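All remarks here apply to the structure that follows.
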Amino acid sequence: MSLSTSTPAHCETVRLIQPDDSSTVVSTSQKKSYGTNKPKQKISVHNANSVSLSWHNINVIHAQTGRKILENVNGIAEPGQLVALMGGSGAGKTTLMNTLLARNLKGLEVEGEVLVNGVELGSKITNVAGYVQQDELFVGTLTVQEHLEAQADLRLADLTKKQKRARIDELVNQLGLERCRNSRIGVPGITKGISGGEARRLSFASALLNHPPILFCDEPTTGLDSAMAESVVNVMEDLARRGYTVICTIHQPSSGLYMKFDQVIFLAAGRLAYFGSPSESVDFFTQCGYPCPRHYNPADLIIEKLAIEPYNENESRQRISSICNTFADAETTLLFMIKVEKCRATDVDQIYWDEYDPKMASFGGQLRTLLKRNLLDNWRNSSLTRAKLIQKTFMGLFVGLLYFQTPTDTKVGVSNVNGALFYVVSELIYNTFFGVTSILPFEFPLLVREYHDGLYYVASYFFARALSYAPLFTLDGLVMMVLTYVMAGLIPTWTAFFWGMAASILIEQCSAAAGIMISTIAPSYSVAVAVAGPILGLLSLTGGLYANVGSLPFFISWLQNFSWFKYGFEALVINEWSNVQDESYSGCIYRGKQNNSTGSCVQTDDILDGYSFKAENFYSDMIIMLLFIVAFYLIGLLGLWIRVKRARMTWSTLSWFVLITAFSSISATPEDPTLTFEALYKYGKNEYTSGNWNDCVGFMRRAIEDFNYYRDETLWCRQKCAMVVESTDDKLDLARMYNTAQMALCLLRCREDKFTERRPPLQNYQIYDEFMNRKPYHYMQLCYYKLNDLENAVKAAYTYLVAHPEDEEALDNVKFYMEQSAYRDEMLVDTLQKPYEKFYMLGVEAYTNGQWQQCVSNFKQGVQAYLKDVRDCRSLCEDELDWSSLTGDNPEMSVVVTSIHTSVVRCQHKCPEKLSIVNGQRFKNFLALFFEHLHVCEFNLNQGTSASQSAATALLLDPSNILMRRNKLFYLKQYQKPDLFEPLPEVVQFYVRNQLEGRYLDFVDSRFKFERGMLTPENVMDRKAFDVNVDIEDTFDYSRLETPLLNDSECNALEKAAHIPAVVAYAPALATELLDRISTNYGQSPSLKMMGCAKEPIESGCRRRAFVVGLEKDRCGALLSDTFDGCAIVFCLDD
């Protein structure tokens, strides 16, 4: 079928000098052909009302794996429309957005066309498109007005100041920013500023300054509450009504926001699943067999149906394929494709930009704007400006007082003056260097974004930042040097004073340049500081004060050539001593009263020779420092340019880390670490934030290794020291205190043996707790994924998920990885799986397969491993002190001791629950499950005695288990030996301990939580001793179970009722009677779940445990398994 088409209204602005025939035949099954020698085309895109965006047959393939990320995706966004791009994780939304913007496509092969008014612009699309990214990056010290003025100067270079001001006023009024116009933007979590919604609208204002006809928005409502999210969508809707073409990605909007969009695009597994209006999407998915229930959010339903379920992947992919095929074959899709094709321009060779030619600000204009912004930022950053001036003033006064009017007619006086000069050099270098390095790493994300937005050159930013430092790092150094010079009584000539000030300026500027150089190369402040410390230390040692530079060993001496400590110190020493000789005293230094009889004559040449300095080196020292400044700036500029171009660092952080370790400790081991797991973990999180994935993994792995070492050694010490005292009387207070003191001494000695002095004690228990809760794996999974290491990414994500099965983000991450084409089931591994988990799963597998001997072996080993892990967990609880667990008005020792002890007991009591997760699933009464399976395996091996003991053990741990009651009755009848039913001794010990802990905590929680003045005498003066007796006897009357639950006539009646299509709400009188009998006989109160018949085996549907009673004649009243067939009635014991 072919249709005759004409140029659509939204493409009328494409003006061809010599157009083709006005009528063209378009078929959905054929490609249009384009000639090569056709007239050139002119495009007009300056008017927002004139621009449409279309994309045709977009295919994106991962270059390394060959996996298709997007497959034959088509679409169109027209002027005046608000278009939402939606889909589940891994659907391809981000890839499509990047393809339309021609950004972040490294490693991808892209096929297809992206056209603006029918013209393919490629990377030049950014000239006609604004991009509002998800994360707001601003200079927090600026006000909204100042930010917009700086953006206008950079984006609107061809407009006058009056026109820029008018454009800013227009956007401020349009986007509702008038109220916060003169408010500082602020830094979230650091300094107070504008709200999240205002910050998001400010991002819109920045992107809209130069009238881009197309606006892309990445997750504009993420992180906002419902009211702010609605206000942001209203802003986008208003922009669309003004003629802009607005495209945004959005994650599960509310139903109200969903209906605000003009068009919605749903992607699924890289394919186009729907393109159309939100209201029609409901009809489409209803036709696909997925109607939207009343009062249900359509967006949630659609995304749910287009998501790949990790444990039902094949069915999910079939469902998605069916939906995508249905949309592709729909009649409306044919019209949609025709609409897309109409926006193609014909025979395009070249585009003329005479109507729209965005002009970038000149280098000078960029430098001026950025310098103004930086100077404002510096002035308002009190820690950088006023604090430094105060610090240098204080240090100048301190040094001046310490060396006040030092006499120089003795060797001691000369030595003191030289010491003052070197201290000034060190103070100028260290404080300036570290002050500079603290800024640039934090500005790097903003620099990358603004550079890729085309606002300025890297060189403009670099020199603006360097120039903004110059006044500050000149003034503060001069303040300190002047105070020191005058108060210490240095050489009182104007020439010497001038050169002394000049030398101090060069020293400080050299340090600032070096700091900028390091901070442009290092990926984070922590790394820059860690690297710079050892380097500056070495340069300081070769500076001349600590060792004569002429006597340094040859393998160290070369370092002095790179030490501006040395050049600066030499210049100041030469300036101080080279012109003070008095010829009447034969070269003796004299500034005060001279006493020839003392023999205190000090020769000037001797002073310089003492450091191997030469007076003629003064000017060369000054020139070398000046050259250092130039070299440092050039290296810094090159390093920053490479990093920004690649949007990542050029020298890996791990390389820096190796350098740090080499300088700080060559022989570092886990037992004697340079950095503990706390510091390594912080470094790892910094690299995660900076996007340095390889180093993130490196730091996290080292942190985990050190944490495991720390935990294991601490556990060993606690268990060793728990038995240090052989015999004491626990009933005596002094004996208990003596025991505690002995344990404390043992622990202190043990820790000294295990941990050297270089390992500090645990500084932050929160970090320790994060390791116990597997938090490092949450970061590592993304780092591995960014390194294209899917296997380790899956392992890390699943390892974290197992400990946090209710964490939706963790579940989404695992689902996403399972959707990847390279995913394999064997990747789904819990790297921290406990031995008892492995034994339990092997035991269940053997139980299912009837491998009884293997079943017994695995479950018995699992029980011992579980009890050991519980003991270990309880031992480690002594490091957990929750000081807020109890409160007291007075700091009485007994209150404090009770508080500490209670926090430990509370932690220990939670250990069995903490260790009840297997493969991500949490079990109630987990230890009892071992014995529920174990007794069956033992019975099948004719081990009746063991089976009886296992049944009794299971009932001790879970007395509510009705099925185990029936099993014990069976064993009682089978063996008729009540003494066989003694629970396993080690389990009895575990059970008693757990009961006593609960009893103690119940007492504390009920007695100590009171309001002021509400502690009654009854709560205090009962003087009851702690009951340490725990009843483990099974007093249940098993004779009640010998009466059948149902007789034949009752089963017959219930079986007939079961054939009636009834739900749980229908319960015949006999079913109610049966429920009463169960409650009476078993002492439990289950609830009726269902009654029916099934030809194939079905599940009971109970959340935890089912009580299934057979109704057919051959099994009347019999208890069936959770999965059953035939006729039965089901009661749930835990619902």
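The values are calculated or read from the model by the stated rules, or taken from the named source; none is laboratory data. Values in this document were obtained by computation on a predicted structure and should not be read as measured data. We place every Cβ from the backbone using ideal geometry, glycine too, and count neighbours over all the protein chains shown.
Could you list all residues from the stretch 112-170 that are over 35 Å from the mean Cα position of the chain (by Cα) and of a type in the set (A, V, I, L, M)?
The answer is LEU115, VAL116, VAL119, LEU121, LEU156, ALA157, LEU159, ALA166, ILE168.
Find all pairs meeting these conditions: Cβ atoms under 7 angstrom apart; at least six residues apart or on different chains; first residue within the stretch 634-656 and within 18 Å of TYR456 (Cα to Cα); second residue modelled with pLDDT under 55.
The qualifying pairs are GLY639/THR650; ILE642/THR650; ARG643/MET649; ARG643/THR650.
Failed condition for GLU837, given (1) of a type in the set (Asp, Glu); (2) touching a residue at least 24 places away in the same chain (Cβ under 8 Å); (3) in the same structural domain as TRP693 (by TED's automatic domain parsing), with all others met?
Exception for GLU837: condition (3).
List the residue pairs whose Cβ atoms are under 6 Å apart, where the first residue sits in the stretch 981-995 and is over 15 Å from VAL863 (Cβ atoms), the second is at pLDDT 85 or above and part of a helix (DSSP H, G or I), and the two are 6 or more positions apart or on different chains.
The qualifying pairs are PHE981/SER948; PHE981/ALA952.
Whether any residue in the stretch 150-164 is farther than 29 Å from LEU115 by Cβ and in contact (Cβ under 8 Å) with a residue 60 or more places away in the chain is what I want to check.
Yes, there is a match, as at least one residue in the stretch 150-164 is farther than 29 Å from LEU115 by Cβ and in contact (Cβ under 8 Å) with a residue 60 or more places away in the chain.
Can you tell me which residue in the stretch 172-184 is farthest from ALA205 (Cα to Cα), limited to those that are in a helix (DSSP H, G or I) and without any contact (Cβ under 8 Å) to a residue 60 or more places away in the chain?
Applying the filter and picking the extreme gives ASN173.
Every residue in the stretch 1089-1118 that is in contact with a helix residue (DSSP H, G or I) (Cβ under 6 Å, 6 or more places away or on another chain) and assigned to a strand (DSSP E or B), please.
Correct list: MET1091, GLY1092, CYS1093, PHE1107.
Going by what's in this entry, would LEU335 be described as at pLDDT 65 or above and either part of a strand (DSSP E or B) or at positive phi (or both)?
No.
Taking the stretch 131-145 on its own, how many of its residues are in a loop (DSSP other than H, G, I, E, B) and over 13 Å from LEU446 (Cβ atoms)?
1
Results for (1) farther than 29 Å from ILE635 by Cα; (2) in contact with a helix residue (DSSP H, G or I) (Cβ under 7 Å, 6 or more places away or on another chain); (3) assigned by TED's automatic domain parsing to the domain that holds ILE642; (4) not in a helix (DSSP H, G or I), shown as yes or no for each residue.
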| residue | (1), (2), (3), (4) |
| --- | --- |
| GLN366 | no, yes, no, no |
| THR369 | no, yes, no, no |
| LYS388 | no, yes, no, no |
| GLY413 | yes, no, yes, no |
| LEU421 | yes, yes, yes, no |
| SER426 | no, yes, yes, no |
| VAL436 | no, yes, yes, no |
| LEU446 | no, no, yes, no |
| TYR461 | no, yes, yes, no |
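Can you pull out the residues in the stretch 105-125 that are under 22 Å from ALA268 (Cβ atoms) and of a type outside the set (D, E, K, R)?
Once the filter is applied, which keeps residues that are under 22 Å from ALA268 (Cβ atoms) and of a type outside the set (D, E, K, R), the stretch 105-125 yields LEU105, LEU108, VAL110, GLY112, VAL114.
Could you please give the count of residues in the stretch 146-171 that are assigned to a helix (DSSP H, G or I) and closer than 23 Å to THR126 by Cα?
So the count comes out to 15.
Look through SER597, SER540, SER578 and report the one residue that is small (Gly, Ala, Ser) and modelled with pLDDT under 75.
SER597
List the number of the failed condition for ASP238; all other conditions in (1) within 21 Å of THR94 (Cα to Cα); (2) surrounded by fewer than 18 Cβ atoms within 10 Å (Cβ to Cβ) hold.
Going through (1) within 21 Å of THR94 (Cα to Cα); (2) surrounded by fewer than 18 Cβ atoms within 10 Å (Cβ to Cβ) one by one, ASP238 breaks only (1).
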